[in-house]
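What follows is one structure encoded as structure tokens, with my remarks underneath.
The values are calculated or read from the model by the stated rules, or taken from the named source; none is laboratory data. Model, not experiment: these values are computed from the prediction. All Cβ positions, glycine included, derive from the backbone under ideal geometry; neighbour counts span all protein chains shown.
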């Protein structure tokens, strides 16, 4: 049934995209001056998980690169490369040799100085999950590099800007904003249809099963593709004749669990400690959570930072907050049901 498993992987960037023409055009227009050698403001892409932000950013930048040989680009996942050094190393690696950079001994300022000395074609840097940066002052340093243009990707604009100082806020306030909403069922069905055309044998699909998967995913493309991947694997492994609605419904919880497990594996140390405390407690108040967190780490973050961590965990359906301010309690979503 599966002819090309790559199209069902989260990091796959298609050669064509559906239902995001407005967002692609908006982002392209914001970055197009670079092709003519003119500077442009940073771009902020925001929206909930699973709405195509990363895919569209990478797709659009790749299209621009094809239109101009004089354009460099680099993608950085700030959830994985969250320290100042790691982020700078990844950015520098896109335009210069890093063979002499040693993670244990090279000062971070050396990497930043090399970027400042960069004198090549315009350089677009996609900073995905940018709110995960430990030191957001790095954005100010990158903003001041003339040849470098940032495309920032975050789940929530307000949350991102709340964590920035006034100096950086004023600089980024003028950035171009591209907002993504969740996919309607019909659009999500179309996206799944494309993935089938590129990597699956459609003869194995029951009529209407893609619409069923889209409905199960509730507007989240990452979840929809995960369910399709799990269902296709089940059909292939068991040599079934057809991928049916029943199979999709049966594997949906496992697909959601896999997505959550992958999200947990990507957490920073402090976020992982917080999630583990909530998971083991079953239910916990913000005050008790913060006290337990402080007991578990040597260098606890502020309450404000912890609140941002909690918001991130909620966005990725790892935890849920019940109740309002004083009566609020957090619990982990470790079951296989959607949030």
query: Can you spot a residue in the stretch 90-106 that is surrounded by 15 or more Cβ atoms within 10 Å (Cβ to Cβ) and either at positive phi or in contact (Cβ under 8 Å) with a residue 60 or more places away in the chain (or both)?
result: no
query: buried (at least 16 other Cβ atoms within 10 Å of the Cβ) and either in the same structural domain as residue 111 (by TED's automatic domain parsing) or within 30 Å of residue 122 (Cα to Cα) (or both): does that describe residue 200?
result: no
query: Do the conditions hold for residue 43, that is, is it farther than 22 Å from residue 183 by Cβ and touching a strand residue (DSSP E or B) at 6+ places or on another chain (Cβ under 9 Å)?
result: no
field: Selected residue (criterion: surrounded by the most Cβ atoms within 10 Å (Cβ to Cβ)) from residues of the stretch 3-17 that are farther than 13 Å from residue 225 by Cβ and more than 19 Å from the chain's Cα centre (by Cα)
entry: 4
field: Spans of helices (runs of 4 or more DSSP H) in the stretch 82-196 with at least 1 residues modelled with pLDDT under 90 and within 24 Å of residue 52 (Cα to Cα)
entry: 157-162
message: Suppose we filter 162, 214 for residues that are more than 21 Å from residue 125 (Cα to Cα), assigned by TED's automatic domain parsing to the domain that holds residue 57 and under 23 Å from the mean Cα position of the chain (by Cα); which single one remains?
response: 162
task: Kindly establish whether residue 292 is buried (at least 16 other Cβ atoms within 10 Å of the Cβ) and touching a helix residue (DSSP H, G or I) at 6+ places or on another chain (Cβ under 6 Å).
output: yes
task: Tell me, yes or no, whether the stretch 46-62 has at least one residue that is in a loop (DSSP other than H, G, I, E, B) and closer than 17 Å to residue 176 by Cα.
output: yes
statement: Only one of (1) farther than 30 Å from residue 191 by Cα; (2) within 25 Å of the chain's Cα centre (by Cα) does not apply to residue 293, and that is (2)
field: Matching option when the condition is closer than 30 Å to residue 236 by Cα and modelled with pLDDT of 95 or more, among 297, 251
entry: 251
message: Can you report the number of residues in the stretch 230-255 which are in a helix (DSSP H, G or I) and in contact with a strand residue (DSSP E or B) (Cβ under 9 Å, 6 or more places away or on another chain)?
response: 6
task: Report, by residue number, each residue of the stretch 249-270 that is free of Cβ contacts under 8 Å to residues at least 24 places away in the same chain and farther than 15 Å from residue 313 by Cβ.
output: 250
query: Can you pull out the residues in the stretch 63-78 that are assigned to a loop (DSSP other than H, G, I, E, B) and surrounded by 18 or more Cβ atoms within 10 Å (Cβ to Cβ)?
result: 71, 78
- prompt: Could you count how many residues in the stretch 311-333 are part of a helix (DSSP H, G or I) and surrounded by 21 or more Cβ atoms within 10 Å (Cβ to Cβ)?
  reply: 2
